1. Restricting attention to segment 83-117, which residues are in contact with a Cys (Cβ under 9 Å, 6 or more places away or on another chain), more than 29 Å from residue 332 (Cα to Cα), hydrophobic (A, V, I, L, M, F, W, C) and assigned to a loop (DSSP other than H, G, I, E, B)?
2. Which residues, taken from segment 60-69, are without any contact (Cβ under 8 Å) to a residue 24 or more places away in the chain and surrounded by 14 or more Cβ atoms within 10 Å (Cβ to Cβ)?
3. Taking residue 229 as the residue in question, decide whether it is over 27 Å from residue 159 (Cβ atoms), open to solvent by 20 Å² or more (accessible area, probe 1.4 Å) and touching a Phe, Trp or Tyr at 6+ places or on another chain (Cβ under 8 Å).
4. Can you tell me which of 81, 49 is open to solvent by less than 50 Å² (accessible area, probe 1.4 Å), free of Cβ contacts under 8 Å to residues at least 60 places away in the same chain and under 28 Å from residue 324 (Cβ atoms)?
5. Wholly within segment 235-352, which strands (runs of 3 or more DSSP E) include no fewer than the required count, namely at least 2 residues that are open to solvent by 20 Å² or more (accessible area, probe 1.4 Å)?
6. Scan segment 167-194 residue by residue and report those that are assigned to a helix (DSSP H, G or I) and either touching a strand residue (DSSP E or B) at 6+ places or on another chain (Cβ under 8 Å) or open to solvent by less than 10 Å² (accessible area, probe 1.4 Å) (or both).
7. What about residue 244, is it more than 30 Å from residue 321 (Cβ to Cβ), of a type outside the set (Ser, Thr, Tyr) and in contact with a strand residue (DSSP E or B) (Cβ under 7 Å, 6 or more places away or on another chain)?
8. I'd like the full set of residues that are modelled with pLDDT of 95 or more, surrounded by fewer than 20 Cβ atoms within 10 Å (Cβ to Cβ) and small (Gly, Ala, Ser), limited to segment 121-159.
Amino acid sequence: MARMVRQSLVKFDAPLCETIIDTPKPAGREVLVRIERCGLCHSDLHIQDGYADLGGGKKLDTTRGMTLPFTLGHEIAGVVDEVGPDAPKEMIGKKFAVFPWIGCGQCRDCANGDENLCVKQRFLGVSIDGGFATHVLVPDAKYLLEYDPLPVNQAATLMCSGVTAYGALKRLADRPRQRNLLLIGLGGVGMMGLSFAQAMFKQNITVADLSPAARETALKNGAANAYDPSEPEIVRRILKETEGGFDGVVDFAGNEKSMAFAVATVARGGKIVVSGLMGGNFSLPMVQWVYKRMTIEGFMVGTLAEGKELMALARAGKIKPTPMQEEPMADVQKWIEELRAGKVVGRIVLKN
């Protein structure tokens, strides 16, 4: 039997290790995908740590229900090697991106198409083994999306950083006030957001990030303005230059400082969408919330339907590629450490 090589989590808060098992055989509508690329996401770091930061010294335990060794990675693209007896045989040998946000398929949220909200979810690389490996077993053929003529790296990253940025921006698309838009945090998801926002909105896009390199990259990739949130008197300056702040804000960082910056720079009647998971605690005086008439919405990942919408836009050439760096799958731990240290601009994509 063929062997499956994995970069596995064998202990929480410890480096990944190579493990080798027999390649699983698909049953029912399952599909075995030979992985060509898998993107590295900041949420992989939280899973490796075994907790998420709740602020105030509190931590959310993310280890419950997980069996080690475990394979991280959820931005997957590859070739179908084998299918179960109930899956379409014509898929064998074809290239697909894999939608990883898979629910139980039986609850109310799944019935409504909101599998990303399922409490009994089977998220690849989060709840069941994912893409830092030579192969991945996908629960159902319906989660495979054709991506030709896109480059394989772009196709893989659309399934997490892509659908997260796209879904977050969609939450602002139907707002009556569309004067301006601010994107906070220019990691892999934020850079995707900048690309998508230019296709989805008519107004100029402003960005904010602590990293000079990230701000420079964003300006080269279409941002109209780039702010350093740590600059003295920056909020006063922004409110003056924007005539009262931003009608729409997406916080792709999701920490205490980024949210404080978002609240300070959102306009009266504006909306903030938070999709980052860096953690911490957020509090807001009720009077300020009501006085500014602001809306704040939390958002993590999109639905399968939104994944298909995004893939169709990309395949039609309506979305510019974002900065990506391709590295060997065997070096994943090195790049986890680089990402943790804030030394990565754009997305790291791992190659088998």
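1. Matches in segment 83-117: 104, 107.
2. Once the filter is applied, which keeps residues that are without any contact (Cβ under 8 Å) to a residue 24 or more places away in the chain and surrounded by 14 or more Cβ atoms within 10 Å (Cβ to Cβ), segment 60-69 yields only 62.
3. yes
4. 49
5. 266-274, 295-298, 324-328
6. 167, 168, 169, 171, 172, 188, 190, 191, 192, 193, 194
7. yes
8. 141
The values are calculated or read from the model by the stated rules, or taken from the named source; none is laboratory data. In this text, all values refer to a predicted model and were calculated from it rather than measured experimentally. Don't worry about glycine lacking a Cβ; one is built from the backbone with ideal geometry, like all the others, and counts go over all protein chains shown. Accessible surface is based on the protein model in full, side chains and every heavy atom, while ligands, DNA and RNA are left aside. Shrake-Rupley method; radii C 1.70, N 1.55, O 1.52, S 1.80 Å.
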